[in-house]
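Everything on this sheet refers to the single structure shown next.
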Amino acid sequence: MKHNISIAIDGPAASGKSTTAREVARRLGYIYIDTGAMYRAITRAALDAGVDMNDADALERVARSSKITLEIKEGQQHTFLNGRDVSGEIRTPEIDRNITPVATHPGVRRIMVEQQRQLAQNGGVVMDGRDIGTVVLPEAELKIFMEASIEARARRRLKEQANGDPSITLENIKADLARRDHADSTRADGPLKKAPDAVVIDTSNMSIEEQVETIVQLARERQQ
Ligand code: DC
């Protein structure tokens, strides 16, 4: 008999995780949880509240008092912060620039990890992030670690964010990705790291469809 498994997908920024994870979840009839969107929403809340990004206690208070919900509507993922749809506002260079101190703070991570585990408690989930296979769901039946060259990732992000804005260039995006790769991999708490039992997929030259197919196939083998 098939059973509902948990799928953890980790990897650096713009490695194709979210699009792929969302489609894998749709095909399996699973819930998709974008943990990056959760850290982005907390960053939005901290900016809205005018919090000093070096004030760890204030950041933790913001994380504790913010209600984040994730919903899929007409195939699009929506992120709500205290009932407000912030889906567009959380994917901007301003958030990319300010997210590192928020995601580095252990108090904020503790609150996020707790909420993420609750969302996954019944299985049947695809969750993507940096620390899912290592910290959030170390018992996940399937762990994927996605990689892609910085060039390929910067091109993807440019497509997502540019919208004709001349201030957003490939070089700016590359610099920001390199900075976040470094910050994500070197932080003490929940760093970006491949779990020893994760399957590595290099997506530099793969289409979304190929990525989805690969993961769905692996999931079906482990559902038995
Ligand atoms: O996946 P993303 O680019 O939307 O994530 C945004 C930021 O959030 C990323 O720079 C690191 C952080 N993040 C994290 O620290 N842990 C996670 N599980 C997911 C994201």
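Coordinate-derived values only; no laboratory data. Since the structure is predicted, the reported quantities are computational estimates derived from the model, not experimental observations. Glycine also receives a Cβ, built like all others from the backbone with ideal geometry; neighbour counts cover every protein chain displayed.
List of remarks:
- With at most 14 other Cβ atoms within 10 Å, longest stretch of the chain clear of loop GluC sites (Glu not before Pro) (DSSP): 140-224
- Simple label model, 7 Å out from Cα along Cβ direction - Gln76 to Asp202, nm: 3.6 nm
- FRET efficiency estimate (nearest 0.05) - Cβ-Cβ, Lys2 to Asn163, R0 45 angstrom: 0.60
- Tensor-based shape of region 178-221 (alpha-carbon gyration tensor, a/c under 1.5 rounded, otherwise prolate or oblate): oblate
- Whole-angstrom Cα spans of the chain along principal axes, big to small: 52, 36, 36
- Among Thr35, Thr203, Thr92, the residue with the largest mean-square fluctuation in a Gaussian network model of the chain, with springs joining Cα atoms closer than 10 Å, is Thr92.
- Cα-based shape type of region 117-224, given that a ≥ b ≥ c are square roots of the gyration tensor eigenvalues and the cut on a/c is 1.5: prolate
- Among beta bridges identified by DSSP and lying wholly in the chain, the antiparallel ones come to about 30 percent.
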